[in-house]
1. From A:F144, A:F132, grab the single residue that is out of contact with any helix residue (DSSP H, G or I) (no Cβ under 8 Å at 6 or more places or on another chain) and away from chain B (no Cβ under 13 Å).
2. Select from the range B:306-318 the residues that are surrounded by fewer than 16 Cβ atoms within 10 Å (Cβ to Cβ) and charged (D, E, K, R) and write down the one among them that is nearest to B:D150 (Cα to Cα).
3. Conditions first: (1) part of a loop (DSSP other than H, G, I, E, B); (2) more than 10 Å from chain B (Cβ to nearest Cβ). A:P123 passes all but one, so which condition is the exception?
4. Out of the range A:160-182, which residues are hydroxyl-bearing (S, T, Y) and either in contact with a Gly (Cβ under 9 Å, 6 or more places away or on another chain) or more than 8 Å from chain B (Cβ to nearest Cβ) (or both)?
5. Run A:G112 past the list (1) over 27 Å from A:P162 (Cβ atoms); (2) free of Cβ contacts under 8 Å to residues at least 40 places away in the same chain; (3) open to solvent by 40 Å² or more (accessible area, probe 1.4 Å) and report the number of the one that doesn't hold.
6. Within the range A:133-143, is even one residue basic (K, R) and surrounded by 24 or more Cβ atoms within 10 Å (Cβ to Cβ)?
7. Being modelled with pLDDT under 95 and in contact with a strand residue (DSSP E or B) (Cβ under 6 Å, 6 or more places away or on another chain) is true for just one of B:G250, B:G245. Which residue is that?
8. So for the range A:265-273 (the condition being hydroxyl-bearing (S, T, Y), in a loop (DSSP other than H, G, I, E, B), within 21 Å of the chain's Cα centre (by Cα) and more than 27 Å from A:L170 (Cβ to Cβ)), does at least one residue qualify?
Number of protein chains: 2
Amino acid sequence: MSNIVNLGLIQMTCSDDVQANFEKTLGYIEQAASEGAQIICTQELFKSLYFCQSEDFAHYDLAEDVSQDGSTVQTLSQLAKELRVVLIASLFEKRALGLYHNTTVVIDADGGYLGKYRKMHIPDDPHYYEKFYFTPGDLGYKVFHTQYADIGVLICWDQWYPEAARLLGLQGAEIIFIPTAIGYSMPEEGSTYDQSWQIVQRGHAVANACYLAAVNRVGFEVDPSTSLRASPSIALPASDDHMSGVGPNGESGINFWGQSFVADPDGSIVKQASRDRDELVICPVDLALIEETKKLYSFPYRDRRVDSYGDLLKLYSD
Amino acid sequence: MSNIVNLGLIQMTCSDDVQANFEKTLGYIEQAASEGAQIICTQELFKSLYFCQSEDFAHYDLAEDVSQDGSTVQTLSQLAKELRVVLIASLFEKRALGLYHNTTVVIDADGGYLGKYRKMHIPDDPHYYEKFYFTPGDLGYKVFHTQYADIGVLICWDQWYPEAARLLGLQGAEIIFIPTAIGYSMPEEGSTYDQSWQIVQRGHAVANACYLAAVNRVGFEVDPSTSLRASPSIALPASDDHMSGVGPNGESGINFWGQSFVADPDGSIVKQASRDRDELVICPVDLALIEETKKLYSFPYRDRRVDSYGDLLKLYSD
């Protein structure tokens with residue numbers, strides 16, 4: 001009675017060579033397919049360095065047409081069709097001159113363009129100046145009915161919002177994919193930020209009785225806007241360097257923490273990548289478990305008190 | 001700069017002697033206070049066995065007035081005033097003849113009655129026939145401003161709903177207390193139900209950057225409506241007995257899994273009780289950590305897309 005689907009998560013380092021990053025990802029897609037993956041998801045903005053560490057008008061030139069006519073999408077569609085895989089690809093969308101989004105496209109296993117999701121929750125914090133680049137999404141939350149599963153997509157910062165996951169759960173999402181670029185960038189963040197990141201997402205999987213796949217970037221990327229920092233406050237012990245936002249030569253930046261993972265409907269981690277290197281996660285999941293879970297545990301739907309949730313539509317209850 | 005408050009969680013077995021259960025709880029309250037607890041929370045329906053395993057009209061007689069005039073509340077108020085502790089007590093409310101709620105009262109450290117919360121999400125599953133007894137709450141979600149902290153209360157089944165925790169987070173809850181009665185009652189539940197229970201609640205703590213204290217019942221309670229079961233399907237290995245819903249003599253019932261815990265705003269477990277015995281959890285928490293967390297991580301509030309959450313008010317997006 002099982003219904004196994006193989007997921008492929010591409011966790012990798014990037015360089016400042018966009019074409020090289022793209023080709024590296026295409027290579028991983030082919031490798032994932034050869035290892036049996038049927039639904040393959042990239043990390044957030046996989047074609048470039050995570051350019052949001054600084055506010056630089058030049059980076060607008062990285063944005064591109066992400067419709068089915070865009071050249072990246074066409075290449076991906078061709079590959080999806082050849083390999084018979086669903087592709088979930090995170091791109092920098094140029095919607096119009098002066099209007100950009102952080103967008104993920106979904107391509108079916110026949111190469112067909114199923115649509116796109118525009119990141120709804122946009123951060124703006126030191127090292128993550130996304131509000132400079134990305135207008136918050138205007139398409140809402142959508143479940144894509146692919147040949148292998150009904151999937152929802154969120155993007156990075158969205159992952160902290162139970163509302164976003166629930167809105168996909170209420171559409172029957174079997175798997176929520178979350179391309180991500182998150183890491184340690186400041187000593188103040190403490191040592192448990194990555195664990196909090198994982199726990200809140202495992203919670204979404206439980207609350208909505210679905211699988212959740214988070215695909216994170218890895219490696220240290222220098223903040224181009226800052227010079228060397230030599231403050232004693234960041235001279236952390238070597239063993240804590242991955243949490244400090246300090247690079248191998250003392251540079252300021254982000255240590256992307258990798259640890260891409262798949263959680264199952266009971267919140268267990270099925271597979272998890274390392275924190276420090278490229279990794280292709282191939283993970284079979286059993287969609288039949290979702291039906292079993294939703295029959296046994298009725299909490300995702302049956303007893304919700306929608307009459308009492310009105311204040312969720314307020315920024316604060318004051 | 002810390003602002004430490006000591007929590008006391010009373011996890012215990014109950015018998016069919018209501019007065020004995022009440023006195024046992026009063027004793028634990030005194031012990032908790034003597035060990036420094038300032039905010040003390042009972043398990044769900046601590047005065048009785050978990051009577052919802054069967055639908056029995058006779059159990060209506062367990063319900064009582066939970067206003068400040070009720071005798072249980074008066075006893076608790078007196079004790080709270082004497083000990084200078086906040087008390088959170090889960091009771092079976094008789095609101096009117098034929099109208100009952102699963103209700104938790106909050107009493108301040110001066111003995112003052114701060115109000116009550118009526119359980120909003122009511123389960124109805126084998127061994128948990130709560131819809132027979134409890135009309136779903138009509139008071140919504142409320143933060144109580146006690147002398148020691150601003151606290152929210154949920155009750156058991158509510159704990160699976162991110163909406164409920166968020167609605168308390170949006171009122172600035174520093175600690176969410178959740179009196180609970182949950183355990184293994186069927187082999188079908190699998191071995192990870194208790195872990196899922198913990199993960200979803202730790203997720204609430206992260207998403208809302210608050211503390212969360214779940215206070216669960218412990219011990220095996222027989223289902224009075226069933227006789228001995230001898231089906232081979234429940235003849236599980238001894239080591240798994242705590243997950244089987246089978247009592248020491250082969251009876252059907254609930255193995256309440258205890259494991260009362262306190263999670264901090266990063267989702268870490270600060271303290272956790274055992275799964276198999278009475279335990280008084282005394283746990284200091286630092287309320288200053290909430291402010292630090294909310295400053296560093298803006299996700300609970302700043303970037304919420306309340307314009308896009310409308311479908312949360314639907315039972316399903318179809």
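1. Only one candidate passes the filter, namely A:F144.
2. Taking the candidates together, the pick is B:D307.
3. (2)
4. Result: A:T180, single match.
5. So A:G112 meets the others, but not (3).
6. No, the range A:133-143 contains no residue that is basic (K, R) and surrounded by 24 or more Cβ atoms within 10 Å (Cβ to Cβ).
7. Going through B:G250, B:G245 in turn, just one is modelled with pLDDT under 95 and in contact with a strand residue (DSSP E or B) (Cβ under 6 Å, 6 or more places away or on another chain): B:G245.
8. Kept after step one, since they are hydroxyl-bearing (S, T, Y), are these residues of the range A:265-273: A:268.
Of the ones still in play, those that are also in a loop (DSSP other than H, G, I, E, B) are A:268.
This time we only want the ones that are within 21 Å of the chain's Cα centre (by Cα), so: A:268.
Filter again for more than 27 Å from A:L170 (Cβ to Cβ), leaving none.
For the range A:265-273, residues hydroxyl-bearing (S, T, Y), in a loop (DSSP other than H, G, I, E, B), within 21 Å of the chain's Cα centre (by Cα) and more than 27 Å from A:L170 (Cβ to Cβ): absent.
The values are calculated or read from the model by the stated rules, or taken from the named source; none is laboratory data. Quantities reported herein were computed from a predicted structural model and do not represent experimental measurements. Cβ: placed from backbone, ideal geometry, glycine included. Neighbour counts: every protein chain shown. The protein model used for the area step is the full one, side chains on, heavy atoms only, and it has no ligands, DNA or RNA in it. Shrake-Rupley method; radii C 1.70, N 1.55, O 1.52, S 1.80 Å.
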